[in-house]
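Below is one structure, written out as structure tokens, with a few remarks after it.
The values are calculated or read from the model by the stated rules, or taken from the named source; none is laboratory data. Every value quoted in this text rests on a predicted model; they were computed, and no experiment measured them. Note that we place each Cβ from the backbone using ideal geometry, even for glycine, and neighbour counts take in every protein chain shown.
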Amino acid sequence: MQFVDLKSQYAALKPSIDARIQRVLDHGQYIMGPEVAELEQQLVAYTGAKQCITVASGTEALLISLMAIDLKPGDEVITTPFTFAATAEMIVLLGGVPVFVDIEPDTCNIDASLIEAAITPRTKAIMPVSLYGQVADMNEINAIAARHGDIPVIEDAAQSFGADYEGRKSCNLSTLGCTSFFPSKPLGCYGDGGAIFTSDDALAQACREIRVHGQSKRYTHTRVGVGGRMDTLQCAVVLAKMERFEWEVAQRLAIGARYNELLRSRVPTVVQRRGRNSMFAQYTVFVDDRAPLQARLSSQGVPTAVHYPRPINEQAAYEGRCRGNATPHARAVAARVLSLPMSADLSADDQQRVVHALLA
Ligand SMILES: *Cc1c(COP(=O)(O)O)cnc(C)c1O
């Protein structure tokens, strides 16, 4: 059993993926080939956002978004400490200061009720993370941002592409949405890739220019940018994967619901709020004595992982570079989370084996 089963997915999609890759090899436009715009159009149609800008990775999506809103040294960005490092890393890379707000211990997402108290005149953005594939309390976050002079809200949706939030899609819920096509994410390519979504035309234009070294046209550099394009080949892979993405979304929801059902009142799990679903980028439970349990599951052929063992505000690299060090829920949860095998191709038998081993 694999933690994320990408082999079965390739087997199912092999004719389309191979044909899509071959087409790129035939036309030879490896950078900004026709598949780039084709994918962006499909992702616009899927999410409902007005604009999509594919980029080199989820990390690059965050970086370019922060550059597009003109984050300057000393500016503050309110975010969660319980996330992958990239979220805070891109803020710090631009000289910004992550201001960490604690999480809700049941969803593991940022606690929106704590955000307002963290706002200062230097607050430049609010960056919630849709952790494990479930969007945070975005209505409340958007309302707070609006009350304080329309602070941009950037959703780190690296784990939640495809998720619903009150009838709308993740990535299309705030000023900017950033996702990742890292292979193991809910929608992945075969290398690095990512995308930015927005319905603000000026921000979209800024992101497009920043993606290509700040060029508004060739060799006209109107701003400082990066080399942040997504390869044509990776766009071709995602295009092929879009063919059965709706099926994969349904599978993920069904497998997540089955885990919920099988584990109910026996093992505490990350909770999904009403009106939202989760893409279950990770299916995560709370356990005590995690290390011995992981070792036992591993010996029984059940791979597990920890997302994440330590909050970002307790990582050495961020010492003295952030505010908001007292996040007790994040610390407590980091010691207890355990992610179980999850992918659209996880068989019912394998899922039973996971649950059986966990409950033994
Ligand atoms: C994966 C991930 C990223 C980074 O995405 P890459 O494509 O690997 O650069 C950023 N934020 C979160 C929450 C992630 O899970």
If you go through the stretch 69-78 one residue at a time, do you hit one that is in contact with a helix residue (DSSP H, G or I) (Cβ under 8 Å, 6 or more places away or on another chain), more than 20 Å from I119 (Cβ to Cβ) and of a type outside the set (K, R)?
-> no
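Under 22 Å from R208 (Cα atoms) and charged (D, E, K, R) - does that describe any residue in the stretch 69-78? Full working, then the answer.
To start, the set of residues in the stretch 69-78 that are under 22 Å from R208 (Cα atoms) comprises 69-72.
After this cut, where a residue has to be charged (D, E, K, R) as well, the list is 70, 72.
Yes, there is a match, as at least one residue in the stretch 69-78 is under 22 Å from R208 (Cα atoms) and charged (D, E, K, R).
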Wholly enclosed helices (runs of 4 or more DSSP H) of the stretch 254-360 bearing at least 1 residues closer than 30 Å to M90 by Cβ | 290-299, 328-334
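Could you pull out the residue among I53, I91, I31 that is farther than 30 Å from V287 by Cβ, of a type in the set (A, V, I, L, M), buried (at least 16 other Cβ atoms within 10 Å of the Cβ) and more than 13 Å from the ligand (Cβ to nearest atom)?
I53 is the lone residue from the list that is farther than 30 Å from V287 by Cβ, of a type in the set (A, V, I, L, M), buried (at least 16 other Cβ atoms within 10 Å of the Cβ) and more than 13 Å from the ligand (Cβ to nearest atom).
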Count of the stretch 60-83 residues which are in contact with a Phe, Trp or Tyr (Cβ under 9 Å, 6 or more places away or on another chain) and either surrounded by fewer than 24 Cβ atoms within 10 Å (Cβ to Cβ) or of a type in the set (S, T, Y) (or both) | 3
Members of the stretch 287-305 that are within 19 Å of V271 (Cβ to Cβ) and either β-branched (V, I, T) or within 21 Å of the chain's Cα centre (by Cα) (or both) | V287
Count - residues of the stretch 190-213 that are more than 15 Å from the ligand (Cβ to nearest atom), in a loop (DSSP other than H, G, I, E, B) and of a type in the set (S, T, Y) = 1
Please give the helices (runs of 4 or more DSSP H) falling wholly within the stretch 7-124 in which 1 or more residues are free of Cβ contacts under 8 Å to residues at least 40 places away in the same chain and within 28 Å of A143 (Cα to Cα).
-> 34-47, 86-93
In this structure, does L239 turn out to be at pLDDT 95 or above and within 20 Å of V77 (Cβ to Cβ)?
-> no
Based on what the data block shows, is A19 farther than 30 Å from A305 by Cβ and surrounded by 22 or more Cβ atoms within 10 Å (Cβ to Cβ)?
-> no
Does I103 satisfy being under 18 Å from V270 (Cβ atoms), among the β-branched types (V, I, T) and more than 12 Å from the ligand (Cβ to nearest atom)?
-> yes
Considering only residues that are under 25 Å from E76 (Cβ atoms) and more than 14 Å from the chain's Cα centre (by Cα), look in the stretch 152-171 and name the one that is nearest to the ligand (Cβ to nearest atom).
-> V153
For R223, which of the numbered conditions (1) out of contact with any Cys (no Cβ under 8 Å at 6 or more places or on another chain); (2) closer than 15 Å to I53 by Cα fails to hold?
-> (2)
Breaking point among (1) crowded, with 19+ Cβ neighbours inside 10 Å; (2) farther than 29 Å from V333 by Cα, for G96 | (2)
Condition set crowded, with 24+ Cβ neighbours inside 10 Å and in a loop (DSSP other than H, G, I, E, B), scope the stretch 175-189, selection nearest to the ligand (Cβ to nearest atom): answer is F181
